[in-house]
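I have placed the structure first, in the form of C-alpha cells, so that the comments after it can refer back to it.
The values are calculated or read from the model by the stated rules, or taken from the named source; none is laboratory data. Computed from a predicted model, the values in this text were never measured in an experiment. Heads up, the Cβs are rebuilt from the backbone with ideal geometry, glycines too, and the neighbour counts pull from every protein chain shown.
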There are 2 protein chains.
Amino acid sequence: MQHCIATVSLSGTLPEKLEAIAAAGFQGVEIFENDLLYFDGSPRDVRRLCQELGLQIMLFQPFRDFEGCRRDRLQHNLERAERKFELMHELGTDRILVCSNVQPDVIRDNAVLADDLHQLAELAARHEVLVGYEALAWGQHVNSYRQVWDIVKTVDHPNLGVILDSFHTLSIKDDLSRLTEIPGDKIVFLQLADAPILNMDVLEWSRHFRCFPGQGEFDLPAFLGPILQSGYQGPLSLEIFNDGFRAAPTGGTAADGRRGLLYLEESTRARLAASAEPSAAAVLPQLFVPAPQPQYDGVEFLEFAVDEAAASRLARWFGKLGFAHAGQHKSKSVNLYRQGGINLILNSEPDSFAHAFFVAHGPSLCASAFRVNDSAQALQRAKQYRARSFESRVGPNERQIPAVRAPDGSLQYLVDPGADGSSIYQSDFDMLPGAAGKQGLLTGIDHFALGLPEETMDAWMLFFRAVYGFKAENEHVLPDPYGLVKSRVLHSPDGSIRIPLNISENRNTAIARSVSTYRGSGVQHIAFATDDIFAAVAAARESGVPLLEIPRNYYDDLAARFDLPDEFVASLAAANILYDRDAQGGEMLHVYTAQFEDRFFFELLQRRAGYQQYGAANVAVRLAAQAQSRARQQARSNWYD
Amino acid sequence: MQHCIATVSLSGTLPEKLEAIAAAGFQGVEIFENDLLYFDGSPRDVRRLCQELGLQIMLFQPFRDFEGCRRDRLQHNLERAERKFELMHELGTDRILVCSNVQPDVIRDNAVLADDLHQLAELAARHEVLVGYEALAWGQHVNSYRQVWDIVKTVDHPNLGVILDSFHTLSIKDDLSRLTEIPGDKIVFLQLADAPILNMDVLEWSRHFRCFPGQGEFDLPAFLGPILQSGYQGPLSLEIFNDGFRAAPTGGTAADGRRGLLYLEESTRARLAASAEPSAAAVLPQLFVPAPQPQYDGVEFLEFAVDEAAASRLARWFGKLGFAHAGQHKSKSVNLYRQGGINLILNSEPDSFAHAFFVAHGPSLCASAFRVNDSAQALQRAKQYRARSFESRVGPNERQIPAVRAPDGSLQYLVDPGADGSSIYQSDFDMLPGAAGKQGLLTGIDHFALGLPEETMDAWMLFFRAVYGFKAENEHVLPDPYGLVKSRVLHSPDGSIRIPLNISENRNTAIARSVSTYRGSGVQHIAFATDDIFAAVAAARESGVPLLEIPRNYYDDLAARFDLPDEFVASLAAANILYDRDAQGGEMLHVYTAQFEDRFFFELLQRRAGYQQYGAANVAVRLAAQAQSRARQQARSNWYD
C-alpha cells in the first residue's frame, strides 16, 4: 500500500522533514499547517520541493472548530475555509482534514452540524477539493467515528467523507464494529498511530505519547483490518505527536515510521489471513508479506570489541569464571572462549569492524549471534524490513555469516545449523585442546542486558518486533540512587533469547553515565545460567572473582518478606546471593560480579520451578550496592592484578 | 515548628542524604525503608550517623499491606511487624507508618481492619512504639483519612493514631471538613507534599510528580490550617517522590525543601490570621513569620557581564536601539546606558563578580535590580528564607546596594528610593551629558526571559514565591523545531516585574543549546515596551537593527484567524510584526531582533487595551524563524561591522 506521514511527526525545518520522508521511501506527505506557516517560502515552493523529492502532498491539515460554531461566526469560518482551499491549490493537494469542534459553545445538534458541513462540502466542490471529517477523542460533542459517519451519511455529498485515526478510536476504547459500515470510497484518509497504554488525560496522551505502529500497545490490526475489508485503498498515513520524535534526528525517525507501517501491514495481513470472511481474503494481496520470522535456538555467541590489552584483561575474567580458551582464528586476532553451551569471542583484529567499534566505544559488545533455523531467510526478512546487512571480509575457506546492523550499529549474526552440520568455528578457527569447552557450572546465556540512550528505546522495540518477531515484556521503573531507570525485556517467541533494554532520563544514573562514557548504547551485563548457584558462587570465589557485596539489611528484610528458613537466608547472605519468588512459587537466585572496568558486569543466575522474570525487585539493591562500591573499587587496584 | 524530611525525597546514598538534610537545617528525618535496606551498614550505624549530624529519626516507613489481609497471613504479618519494631529500636525511633492495604484481596470490613490494627497496637505497646495509620489515595478499600480516622477511633488504643499526608487527601479532592475532628495527639505524624494539578492516574502522579510546598498548585494552607487548629504540634515532614529530585544534587534539593516548609508556614499563618476562630489565633505564635513582602515598582536596571570587546559590541546594539551612554562608573569599568525609564549596565570590571560570571558564562545577564519600597526589609526577608546575600566591594563614597543570589548565582539587587531621594547612580557614576537618557520610543522593560536547565525550574518557582512573593502564571508548552519548550511566567503582584522562565527537556532546542553553551541559565531575551510599535520598528530599521524575518505564510493565516483588515495585515507583514489578540480584545504587537551572538535577543512590544499575556501563540513561529535564520546568520558577517 502507499505510505504517507504527517510533517508534524518529525523534528526539524520543513525542508529537513521532507528530505527525510523521501529518503525513507514514503510516497506521500501530510502537510501540517504550522509547518507551512513557519516555512520561509511560499506554498508553491513547498509543492516544488515535494515534486523534486518525488513526494505527493496527500493531505493538508488540520482545519479546526468549523461546524456548529456560533451562528455569527459561520460565514467567517467559510471564508477561512475558502482561503485554505486556495492555499491547497497552490500546494497541489485536494484533501483537507476537518477535525471535530472542541469549543465549549459548540451547537450540540447533529442537524446543524450536517448543515454546516453541507455548506462546506458545496464550497469544496466549487474548489474541487475533498473534505474529510474526523472525530477528535476530546471533541466537545463529536468524539467518535460513529458520530462522524452518521453525520457524513446525512450530508451525503460527494465532496465530504470520513477521516479515521486509530488513536482517536482506540484511545477511548471505541466500539469497532461499525468500521465496516463505511464504504472505502467514503474514507477520505486514514491516519495511524500506536501508543503506550497510559491512564491519563486523552488530549495530553495524544499530544505527547503517540508512537509508530509496533512501538506501542494498541491493537492496530483490529482497527485497520475492517477498514481494508470495507474497500479502503488509499494510503496508510502516520500522524504522530511524540515529544521524543520532535527532538530526535529526522532521518532515523522517518525510517522507523516506514518500518512501522510495513510491520502493521504484516500484522494486519496475519490477522486477516486467519479470518474466514471473503472480504478479508480479498485484501491480502495488497499487504506486505516478508519472509517468515525465524525460529530461534538461543544465543550462539557474544563478541567483544577489544584491543590487545583489554583482550588479555577480559580473557582473565573469562578464565576465572570457568571458560576455556577454545579456539584461535586462522587469519585474525580473534579468540574463542567456551564453557558448556556458551561461546564468547574477543576480537582485537586491527582494521576490522570490531576495531572501529572499539575506537568509538571502548571495550564493548560489538556483536551477538542468534541461532536460527534458516539464516538466509532471516536475512531476507531483515532486508525487507529495511535493516542494513553487513558482510565481513573473510579469509580463504572462511565462512561468511549473514549479519544485520542493530539500531546502534552493532552486529547481529544469524547462524543456522548449516547443511553439512559443521560448526561455524571449524572453518575459521584453529581449535585448541580445550575446544570442547569446560563442562563447567555455567550452562548458557540466560540474557544479556543493554544500556541505551533514552531516546532510542522506541526504535529498538520496533526493530526487534519487526525484523526478528521478538516480544516485548512490561516496562519496569527502577530506582538508581541518582535517578530512575526504565527497563524492558525483549525475547524471542520461544524465550531462548532474552535481551533487557535499559534507559534512564537522568544524567547521573549508572546507565546514563555508561551511555555517555561509551558514546552510545552498550552491554550492561551478561547473565550466565547455572543449575547450582551455590556451587557456581563457591567456584567463582575460589578462583578470585569479586562478587558485589549485598548489604546485610537486605537479608533481614528478605526473611520478613518471604518467611524463609533462617539457615537458608544465612546461606544466601554468606554468598551475596539475591533472591526472588513469583506468585506461582518459582524462584530466582542470582549473584553479580564486580564491574569490568566500570563498564559491564556478569550475573550468575539459577531459575527454579519455572521462574520467568529477572529479579526486578532486586535491581534497586544492586544499583545502590554498585554506587556504594564504586568509590571503594576505584581506590583499590584491579582485582586481577 | 520542627521540620523533617523523608530520605526518599533526595538523591544519593543514605549518608549523602543525611548530611544534606542536616546542612539544610532540618531537625529530623524519616527513614524510608529501602534506603536502609540498601545501606551498607547496620541500623545502629544509621542511628549513630544521625546523632553525629544532630538529626532525630522521627519516623520509620512504610509498612505495607498489613490490615485486612488473608487470614492465614495475619500471623506472618504480625511477625513481620515485630521484626520492624525491633529494627526501630536499633534505629532509635518510636514511630512507624502503616499505609492502607492495596492488595485486591483485602477484606472490606472495617470491623476486621480495626481488629487487625488493634492486635498491631497491642504488639506496638509491648515494644513501646507508636503506629500511625495512613490512607493511600489508591488504597484498595481505605483511601481517605476519614476512613482511617473512623477505624482509629474504633480501635481506641494509645499506640495507634493517624498519619495525614497532604497528597493523599488533596489529590482526590477529599472533603477537608473532618480534619478538625482529629485531636492533635491522635496524629502520629504529618507528611506534606505539593504537586502540579495533573489529570492522570493518582498512583503515577504521586510516585513521580510530587514537589515541595510552593512548587506546585495544591492549596496546602487549607490542609495544614485545620490540623494545627486541632492541636497538632509535631513536626512538619516532607515526603516527596519526584523524578527530578531523585537525580538532582542532594544539597540543593534539601535546601529547597526547608524553604518550602518555611513558605508553607508563612502562607498558613496568613490564612489563619484572617480567620475569626480562637483556635486559629492560638496557632499563630508557632508559625514562621518573616519580614513582609516588598512592594515593587519595576526593574531598576539590568546588568551584563562582559569583557571589553563584548562591552563595545553590545554598546553598539544599545546605541542602535536608541539608548544613550548616560554614565561612567567612578572607580570601575562599568557603564550605564539609558532610554526612557530603562537602565542597562555593561560591567567589564576585571577582578569583579561580573568578571567571574563572564568567565564562567560568557557575555550574559549577571544581575537585575528590582525597585522596592524598603530594600533593608526586602533583604531581611530574603535572608529569613535562607537566600544568600551578596556584598560588593565599593569605592569611597559609593553606595552599597543590598543584593541576593538567585538560584543560578546571578544577583538580584534591591533598590529603594532612599531617604535623601538621590538616585543610586549619582554616588557611583560620573553622569555624562546624555545622563537623562533619550526620551526615545522605548519606555520600559516589559519583561526579561531566562533560559534554565530543566531540572532547576521548581527551585526558581519556590525562590521567587517565597523570597519575593511573586506569582506564577500557567505553563505553556511550545514547539521548537528541535523539541518542546516549557515556559512559565513569574511576576510581582503588581505586574511591574515579569520574568518568563523557559526550559526544555530536549537537547537541541534553542533553549537547551543556550543552557549548554552558557553552562547554566542565562537571559534569553529582553522585551522593551513601546507605545508605538510601528515607529519603533521604523527607527530600529533606520539605525540598522536587523529584525527577525517572519514567513509570509504567517500573515496569510493571521488574516484568516482574526478577520483583520488586509491593509493592517500588510503593514504588520511589512514590519515583521507579530500579532496576538486575547478574548477581551486586548492586543499585542511585537517584533524580535536578530540574536546577539547566538546568545540572546531583544523584543520590542506594544500592549493595547489591557493585553496581559506574552504572545505564546507566536513563539512557535519565532522559534522556527530563528532556526531557519541561524544558518544564514552564521554565514553573514555580524551586522554591526
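Considering the range A:319-349, and only residues there that are assigned to a loop (DSSP other than H, G, I, E, B) and among the hydroxyl-bearing types (S, T, Y), the residue that is surrounded by the most Cβ atoms within 10 Å (Cβ to Cβ) turns out to be A:S348. Just one of the listed residues (A:I511, A:I533, A:I503) is farther than 30 Å from B:L91 by Cα, surrounded by 17 or more Cβ atoms within 10 Å (Cβ to Cβ), of a type in the set (V, I, T) and away from chain B (no Cβ under 14 Å), namely A:I533.
Quick check on the range A:391-401. Is at least one of its residues polar (S, T, N, Q) and under 29 Å from A:G252 (Cβ atoms)? Within the range A:391-401 (the criterion being polar (S, T, N, Q) and under 29 Å from A:G252 (Cβ atoms)), the answer is yes, since at least one residue qualifies. Checking the structure you have, find out if any residue of the range A:566-573 is within 13 Å of chain B (Cβ to nearest Cβ), assigned to a loop (DSSP other than H, G, I, E, B), farther than 25 Å from A:L321 by Cα and acidic (D, E). Scanning the range A:566-573, I find no residue that is within 13 Å of chain B (Cβ to nearest Cβ), assigned to a loop (DSSP other than H, G, I, E, B), farther than 25 Å from A:L321 by Cα and acidic (D, E), so the answer is no. Against the definition (within 11 Å of chain A (Cβ to nearest Cβ) and at positive phi), how does B:G495 come out, yes or no? When the stated conditions are applied, B:G495 does not pass them. Can you tell me which of B:G225, B:G214 is in a loop (DSSP other than H, G, I, E, B), of a type in the set (G, A, S), modelled with pLDDT of 95 or more and buried (at least 20 other Cβ atoms within 10 Å of the Cβ)? Going through B:G225, B:G214 in turn, just one is in a loop (DSSP other than H, G, I, E, B), of a type in the set (G, A, S), modelled with pLDDT of 95 or more and buried (at least 20 other Cβ atoms within 10 Å of the Cβ): B:G214.
The numbered conditions (1) out of contact with any Phe, Trp or Tyr (no Cβ under 9 Å at 6 or more places or on another chain); (2) more than 28 Å from B:V537 (Cα to Cα); (3) not hydroxyl-bearing (S, T, Y) are all true for B:R371 except (1).
Does B:D219 satisfy the criteria of being at pLDDT 95 or above and closer than 20 Å to B:Q2 by Cα? No.
Answer yes if at least one residue in the range B:107-129 is of a type in the set (G, A, S) and not in a helix (DSSP H, G or I), and no otherwise. Full working, then the answer.
In the first step, residues of the range B:107-129 are kept if they are of a type in the set (G, A, S); the result is B:111, B:114, B:121, B:124-125.
Checking the rest, the ones that are also not in a helix (DSSP H, G or I) come to none.
Checked the range B:107-129: no residue is of a type in the set (G, A, S) and not in a helix (DSSP H, G or I).
The residues of the range B:574-590 that are more than 14 Å from chain A (Cβ to nearest Cβ), over 29 Å from the mean Cα position of the chain (by Cα) and hydrophobic (A, V, I, L, M, F, W, C), listed by number, are B:A574, B:A575, B:I577, B:L589. What about B:E603, is it acidic (D, E), away from chain A (no Cβ under 12 Å) and farther than 30 Å from B:S521 by Cα? Here the answer is no, as B:E603 does not meet what is asked. Scan the range A:514-523 for residues that are more than 18 Å from the chain's Cα centre (by Cα), more than 14 Å from chain B (Cβ to nearest Cβ) and polar (S, T, N, Q) and the total you get is 2. Count of the range A:476-487 residues, restricted to those that are part of a strand (DSSP E or B) and either surrounded by fewer than 17 Cβ atoms within 10 Å (Cβ to Cβ) or within 12 Å of chain B (Cβ to nearest Cβ) (or both), is 8.
Considering the range B:99-123, and only residues there that are under 13 Å from B:L160 (Cβ atoms) and without any contact (Cβ under 8 Å) to a residue 40 or more places away in the chain, the residue that is nearest to the chain's Cα centre (by Cα) turns out to be B:A121.
The conditions are (1) under 14 Å from A:L452 (Cβ atoms); (2) in a helix (DSSP H, G or I), and A:L490 fails exactly one of them. Which is it? For A:L490, the failing item is (2). Within the option set B:S42, B:S100, being out of contact with any Cys (no Cβ under 9 Å at 6 or more places or on another chain), among the small types (G, A, S) and more than 21 Å from B:G132 (Cβ to Cβ) holds for one residue only, B:S42.
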